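The structure under discussion appears below in the form of structure tokens.
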Amino acid sequence: MNKTVLAAIIVVIAMLGFTYVAVGSAGGMGGDGDWVNKLAVLGAVVLVIITAFVVTKYVRQMQSDTASGKLADENWDGIGEYKNELPLGWAVIFLGSVVWAIWYFLAGYPVNAYSQIGEYNEEVAAHDAKFDAQFANMDESTLNAMGESVFIVQCAPCHGLQADGMGGKAADLHQRLAEKSVKYVIMNGGNNNLLGTSMPMPDRNGLMNANTNALITDAEIDAVAKYVAGGLKGTEGASVFAGTCAACHGPDGKGMEMVAPNIAEMSPSMVDMVLHHGKKGAIGQMPAFTNLTAVQYKALDAYVASLSKK
Amino acid sequence: MENRPLEYDYTVAKWFMLSTIVLGIVGMLVGVILAWEMAFPAVNTIAGSGLAEYTNFSRLRPLHTDAVIFGFTLSGIFSTWYYIGQRVLKVSMAESKFLMFLGKLHFALYLLVVVAVVGSLLLGITTSKEYAEFEWPIDIAVVVVWVTWGMGIFGLIGIRREKSLYISIWYYIATFLGIAMLYLFNNMEIPTYFASGGIGAWYHSVSMYSGTNDALVQWWYGHNAVAFGFTVPIVAMIYYFLPKESGQAVYSYKLSLLAFWGLMFVYLWAGGHHLLFSTVPDWMQTMGSVFSVVLILPSWGSAINMLLTMKGEWQQVAASPLIKFMVLASTFYMFSTLEGPIQAIKSVNALAHFTDWIVGHVHDGTLGWVGFMIMAALFHMAPRVFKREIYSKSLMGTQFWIQTLGVVLYFTSMWIAGITQGMMWRAHDEFGNLAYSFIDTVAVLHPYFTIRAVGGTLYLVGMLLFAFNMYKTMTSSRRVEESELQNASPMGA
Amino acid sequence: MFHWLEKNPFFFAVAVFVVIAFAGLIEILPNFAQASRPVIGTKPYTTLELAGRHVYIKNSCNACHSQLIRPFKSETDRYGHYSLSGEYAYDRPFLWGSKRTGPDLHRVGNYRTTDWHENHMKDPAAVVPGSIMPAYTWMFKNTADIDTAYAEQLTVMKAFAVPYNKELPMADGSKVTVALADTVEGARASALEEAKVIAVDMKDQDVKDAVAAGQVPEIVALIAYLNSLK
């Protein structure tokens, strides 16, 4: 076989191999619906094959053909010019591309009817219809798995893949409240819409300890912060909790409807509130995430709530 | 030849050859640094954290693009113009004191602008519009440089002996007009210092266009800066240097003609393909796609014309590294001008846009086509300009293979990186959620970024070999007689 | 005809110009006729936000980050609602970018906060493990150029009737006025007020001290700008 042809075949195979590697490392073509992936890969393949084919054709002509034709009268710095006709293939494909262009403009993406937003709406509707139906009734493990999948893309950038808050840069989701957060809320009060309504909690100047009948002291704050952060276990700080916090948050810290949120553990509804309203606390501001579907919220709520129970 | 040959005056061509080499090295070196920064972010602070502001990726990136476009490529264009122009118009610069003065002024002003650009970009003085980053004082200087060049072009044409314009001249005229029009419209801006009555930085300006309109004008410019900087003038070069070096007549006048006028008409429409799925009107996007695809044929017309010019001349291709450069340049030109339109098809663009596949596409055009062609042009010019043979043919061959390998590593790695990342961005998992967080799609690219950096480094090494070869050619190579300079360039071992 | 053109450079040049200018006329003019109109809820930038935008441009953030969310499910899932033309009405220049080495930022104000940006700009890999973004430590030391931002505000108000000091309708039915000071001193003062609000949420003591001393570090302006991207 001719060396040029062989080289062209090797190049084509190599480039197709690279494309295959790319598709593989992206985790495949993305299911039956994704025309974009398929067309892009097809385009890449066509590009390689056509270029190799055409260039090989001309290199073969360099090797075996000879130049001929009628020379023009002019001559520039010794450069002549043949009066050869257009290469037929080139001319035909040129016309073909013009025909294709007209088709694309009038029928492919019809100028009077196509709208990219319309196309987007259809894409979203089809996507939602497919997955909403499939995941309408999930068991708990599916719910958690789906929640984790949302978490990785939407939440992990701040809370970390381990949901540990990456060294204090965001809340550690494995516990309901860090010591620092409890203190922050007691010092500054709080109003984070965790109950779905605006229900402010007073700061320390409004927090009485029923045991001492006085405002809560620094030492008591330290103690109760440890107690709450520790999951309301042990004895240290328990009495302060009972005297100061239990009235609203309940003796077990699980909160009361319309009065105070659960501070013993995270509940799905609370996570949902944080996602919808955002939250401000000891670390900083967490923005609201309003871009998820109902199913995604449900899954994410369940998953995050499950983290604090582990 | 019945007449005594004209004594062409290559002074200005020579100066621009030097700036091509120097700015080429600078621009490519910055590019290589950028490539390593993407593979290994620690390189961002390679000069210490105190200087990190000036060595980090984002500050250097415009410097790279502008140095290779307006430094290397534009110098190459000017240099070849001051060489080809005289020869195909059959008139010497020495015949007109005025044109000679204009040429020298052109070079001096150009250097001033280059210095101003490098300084201002390092300081972060930029309008942010790609390849039009310069603030208004530099824009004005650019216009002056351009007009000076234009006067030189039309002055030389005005006193020409060869009445009919050679193909290369068509393309140089188009380069001049195209860039002039694009640059002026895209850089319409109001200096805020004057408009506000003397507040703030004197050099700052604000664009006349806002939002979507600004994007439209910018990519009408940006895409066609590629047209009239990377395509049109480089085609001008190959139409002269390939037939001249090989001694072959151009294959077909008709094909030259159709390819030229086709390119002129179609290219300008294609800018819209940078804005697919953006907020510009749908019909305009479709038009960008459509014309991009039609553009394949005028582009390929010139390349095919050149390849057919070499019909039956394989022994020359095999024997001369200089012709190898040009033939491979045509091939990369074809590859690149088919790749671009494929990426401009809406469904493909949905995946390819914003990824490294685009970066790969740009570089197989610039490294493989523009770079190779400009270096080949300089190789051909050197013996005529310096009256010495090319210092080393074997070094040229080595350079050819090193750089070819560099380009291949570059575009294959970016090919994989782009398609991978594009697919990962789009991927949904079995729950219908996004399958990858953004950083996953970055981490996966590390090996490809590394391969790309190696490819870029190889290309830079080739560029340094080129500079060395040229330096030796200018200073210590064997002297040659006019009779050796008809076609194939004389080369030392 | 072509042979004739090739012998007459002037007409040749005219012909080339006509052929290349044609596309621009048809593509660009129609869109200008219906100049970018702001959508409800779009506001012009405040002095500090604009100064932050200048920091963004100065450091070519747009070389790696786009500000254009395309209408695909995969993009709106990741970045929020697709971009609308009118949202860019006050963007001079536009900052769509052409490469996403990092993620899109058109609505980054919706899902990132001051303290996140502060941590991230100081050491990106500490916040996003594996990030290849360089640190921008000098932004914590350099002072933002408030004067130039103010000069630009004045310019666009005069030249393009950008509605400063005017009531603008918001999506929720409320009205918002973006005030523009009468003097450069006034602009500096109002920018400092904005900066103080940002600095409260920041941890870097040097930045807090600078703001307390009446200066605005670049990072504060930049964060104000990023927070405004919604």
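The values are calculated or read from the model by the stated rules, or taken from the named source; none is laboratory data. Keep in mind that this is a model prediction, so the values were computed, not measured. So basically every Cβ, Gly included, is an ideal-geometry build from the backbone, and we count neighbours across all protein chains shown. Note: areas computed on protein heavy atoms with side chains; ligands, DNA, RNA excluded. Shrake-Rupley method; radii C 1.70, N 1.55, O 1.52, S 1.80 Å.
Structural remarks
- Residue check for residue A:204: basic (Lys, Arg), open to solvent by less than 50 Å² (accessible area, probe 1.4 Å) and assigned by TED's automatic domain parsing to the domain that holds residue A:274: no
- Scope region A:236-263; condition touching an Asp or Glu at 6+ places or on another chain (Cβ under 6 Å) and of a type in the set (Gly, Ala, Ser); matching residues: none
- Check on residue B:328, within 12 Å of chain C (Cβ to nearest Cβ) and touching a helix residue (DSSP H, G or I) at 6+ places or on another chain (Cβ under 7 Å): no
- Residue A:8 vs. criteria farther than 20 Å from residue B:342 by Cα and more than 9 Å from chain B (Cβ to nearest Cβ): yes
- Among the residues of region C:132-172, those that are assigned to a loop (DSSP other than H, G, I, E, B) and either of a type in the set (D, E, K, R) or within 18 Å of residue C:59 (Cα to Cα) (or both) comprise C:132, C:133, C:134, C:135, C:136, C:141, C:142, C:144, C:145, C:166, C:172.
- The lone exception for residue B:330 - which of (1) over 18 Å from residue B:266 (Cβ atoms); (2) open to solvent by 10 Å² or more (accessible area, probe 1.4 Å); (3) among the hydroxyl-bearing types (Ser, Thr, Tyr) it fails: (2)
- Residue list for region C:90-99, filter: touching a helix residue (DSSP H, G or I) at 6+ places or on another chain (Cβ under 6 Å), open to solvent by 10 Å² or more (accessible area, probe 1.4 Å) and within 7 Å of another protein chain (Cβ to nearest Cβ): C:93, C:94
- Between B:47, B:42, the distinction of being more than 9 Å from chain C (Cβ to nearest Cβ), open to solvent by 10 Å² or more (accessible area, probe 1.4 Å), part of a helix (DSSP H, G or I) and not charged (D, E, K, R) belongs to B:42 only.
- Region A:237-247 - residue that is out of contact with any helix residue (DSSP H, G or I) (no Cβ under 8 Å at 6 or more places or on another chain) and open to solvent by less than 60 Å² (accessible area, probe 1.4 Å) and, of those, nearest to residue A:210 (Cα to Cα): A:243
- Taking the numbered list (1) closer than 18 Å to residue A:300 by Cα; (2) open to solvent by 70 Å² or more (accessible area, probe 1.4 Å); (3) at the interface with another protein chain (Cβ under 9 Å from one of its Cβ atoms) in turn, residue A:119 passes all entries but (1).
- Evaluation of residue B:395 against the conditions (1) open to solvent by 30 Å² or more (accessible area, probe 1.4 Å); (2) aliphatic (A, V, I, L, M); (3) more than 25 Å from the chain's Cα centre (by Cα) shows that the sole unmet condition is (3).
- All positions within region B:187-217 that are part of a helix (DSSP H, G or I), at the interface with chain C (Cβ under 7 Å from one of its Cβ atoms) and of a type outside the set (D, E, K, R): B:192, B:193, B:195, B:211, B:212, B:213, B:215, B:216, B:217
- Here region B:463-493 is the region considered, the condition is being in contact (Cβ under 8 Å) with a residue 24 or more places away in the chain and polar (S, T, N, Q), and the residue that is farthest from the other protein chains (Cβ to nearest Cβ) is B:476.
- Within region B:405-462, the set of residues being of a type in the set (S, T, N, Q) and open to solvent by less than 20 Å² (accessible area, probe 1.4 Å) comprises B:412, B:413, B:420, B:421, B:433, B:437, B:441.
Residue-by-condition table, conditions (1) of a type outside the set (S, T, N, Q); (2) assigned by TED's automatic domain parsing to the domain that holds residue C:89; (3) within 30 Å of residue B:48 (Cα to Cα):
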site: C:128; (1), (2), (3): yes, yes, yes
site: C:154; (1), (2), (3): yes, yes, no
site: C:163; (1), (2), (3): yes, yes, no
site: C:168; (1), (2), (3): yes, yes, no
site: C:171; (1), (2), (3): yes, yes, no
site: C:179; (1), (2), (3): yes, yes, no
site: C:194; (1), (2), (3): yes, yes, no
site: C:205; (1), (2), (3): no, yes, yes
site: C:211; (1), (2), (3): yes, yes, yes
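- Residues of region A:81-114 classified as surrounded by fewer than 12 Cβ atoms within 10 Å (Cβ to Cβ), more than 30 Å from residue B:253 (Cβ to Cβ) and touching a helix residue (DSSP H, G or I) at 6+ places or on another chain (Cβ under 9 Å), total: 1
- Evaluation of residue C:79 against (1) farther than 24 Å from residue B:429 by Cβ; (2) surrounded by 22 or more Cβ atoms within 10 Å (Cβ to Cβ) (one fails), failing number: (1)
- Scanning region C:62-89 for residues that are within 7 Å of chain B (Cβ to nearest Cβ) and within 14 Å of residue C:229 (Cβ to Cβ) turns up C:62, C:66, C:68, C:83, C:84, C:88.
- Meets criteria (away from chain C (no Cβ under 14 Å) and of a type outside the set (D, E, K, R)) for residue B:89: no
- Out of B:174, B:180, one residue alone is under 17 Å from residue B:146 (Cβ atoms), more than 8 Å from chain C (Cβ to nearest Cβ) and modelled with pLDDT of 90 or more. It is B:180.
- From the list A:259, A:185, A:228, A:271, the one residue that fits, being under 26 Å from residue A:169 (Cβ atoms) and open to solvent by 40 Å² or more (accessible area, probe 1.4 Å), is A:185.
- Within region B:250-267, residues that are open to solvent by 10 Å² or more (accessible area, probe 1.4 Å) sit with their Cβ atoms under 8 Å from residues that are of a type in the set (Lys, Arg) and modelled with pLDDT under 95, at 6+ positions apart or across chains, in these pairs: B:251/B:311; B:253/A:83; B:254/A:83.
- Every residue from region B:299-323 that is more than 9 Å from every other protein chain (Cβ to nearest Cβ) and touching a Gly at 6+ places or on another chain (Cβ under 8 Å): B:321
- Residue check, residue A:214 open to solvent by less than 60 Å² (accessible area, probe 1.4 Å), at the interface with chain B (Cβ under 9 Å from one of its Cβ atoms) and over 17 Å from residue A:279 (Cα atoms): no
- Checking each residue in region C:100-138 for being touching a Lys or Arg at 6+ places or on another chain (Cβ under 7 Å), over 19 Å from residue A:154 (Cβ atoms) and more than 8 Å from chain B (Cβ to nearest Cβ) picks out only C:118.
- Pairing residues of region C:150-172 that are more than 7 Å from every other protein chain (Cβ to nearest Cβ) and farther than 19 Å from residue C:190 by Cβ with residues that are of a type in the set (Gly, Ala, Ser) and part of a loop (DSSP other than H, G, I, E, B), at Cβ distances under 6 Å and at least 6 apart in sequence or on separate chains, gives C:170/C:41; C:171/C:41.
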